Amino acid sequence: MANVIIYGTGSCPFCVRARNLLTKKGIAFTEHRVDEDPSLRPEMEKLSGRTSVPQIFIDDRHVGGFDELSELDIDGELDELVGLS
């Protein structure tokens, strides 16, 4: 299974949706909460080139935010990326 990392916050609705989608599909992930540890935000911004949350990575690939994650799922590509297919 792939290494999935989410940079997010506890209250961001798109972060919640991303976590719910991954959990529903049985995809394990590591979450870095930038609201609990603000020192992670510069790391997230450097890796993604973005300042908004969530920022999602599958292995070393920057997927983007929830919209991009959802699009991968709709297109049937998410399962392959994480090794479910």
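Residues in the stretch 43-59 that are under 28 Å from Leu84 (Cα atoms), in a loop (DSSP other than H, G, I, E, B) and either at pLDDT below 95 or in contact with a helix residue (DSSP H, G or I) (Cβ under 7 Å, 6 or more places away or on another chain) (or both): Val53, Pro54. For residues that are of a type in the set (A, V, I, L, M) and touching an Asp or Glu at 6+ places or on another chain (Cβ under 9 Å), scanning just the stretch 35-67, find the one that is least open to solvent (accessible area, probe 1.4 Å). The selected residue is Ile56.
For the condition open to solvent by 60 Å² or more (accessible area, probe 1.4 Å) and free of Cβ contacts under 8 Å to residues at least 60 places away in the same chain, Glu71 qualifies. Being in contact with a Gly (Cβ under 7 Å, 6 or more places away or on another chain) and touching a residue at least 40 places away in the same chain (Cβ under 8 Å) holds for only one residue in Phe14, Phe57, and it is Phe14. On inspection, Ser85 passes the criterion of being modelled with pLDDT under 95, hydroxyl-bearing (Ser, Thr, Tyr) and either buried (at least 18 other Cβ atoms within 10 Å of the Cβ) or on the phi < 0 side of the Ramachandran plot (or both). Annotation: of all residues in the stretch 1-41 being assigned to a loop (DSSP other than H, G, I, E, B) and among the hydroxyl-bearing types (Ser, Thr, Tyr), the one that is modelled with the lowest pLDDT is Ser11. Of the residues in the stretch 23-32, none is of a type in the set (A, V, I, L, M, F, W, C), within 22 Å of Asp73 (Cβ to Cβ) and touching a Phe, Trp or Tyr at 6+ places or on another chain (Cβ under 8 Å). Under the condition of being open to solvent by 60 Å² or more (accessible area, probe 1.4 Å) and under 18 Å from Ile58 (Cα atoms), the residues counted in the stretch 1-16 number 3. Of the residues making up the stretch 17-34, just one is touching a Gly at 6+ places or on another chain (Cβ under 8 Å) and either open to solvent by 70 Å² or more (accessible area, probe 1.4 Å) or β-branched (Val, Ile, Thr) (or both), namely Val34. With the requirement that a residue be of a type outside the set (Gly, Ala, Ser) and either modelled with pLDDT under 95 or in a strand (DSSP E or B) (or both), what does the stretch 60-78 give you? Correct list: Asp60, Arg61, His62, Val63.
The values are calculated or read from the model by the stated rules, or taken from the named source; none is laboratory data. Predicted, not measured: the structure shown is a model, and the values here were computed from it. We place every Cβ from the backbone using ideal geometry, glycine too, and count neighbours over all the protein chains shown. The area values use the complete protein model at the heavy-atom level, side chains included, leaving out ligands, DNA and RNA. Shrake-Rupley method; radii C 1.70, N 1.55, O 1.52, S 1.80 Å.
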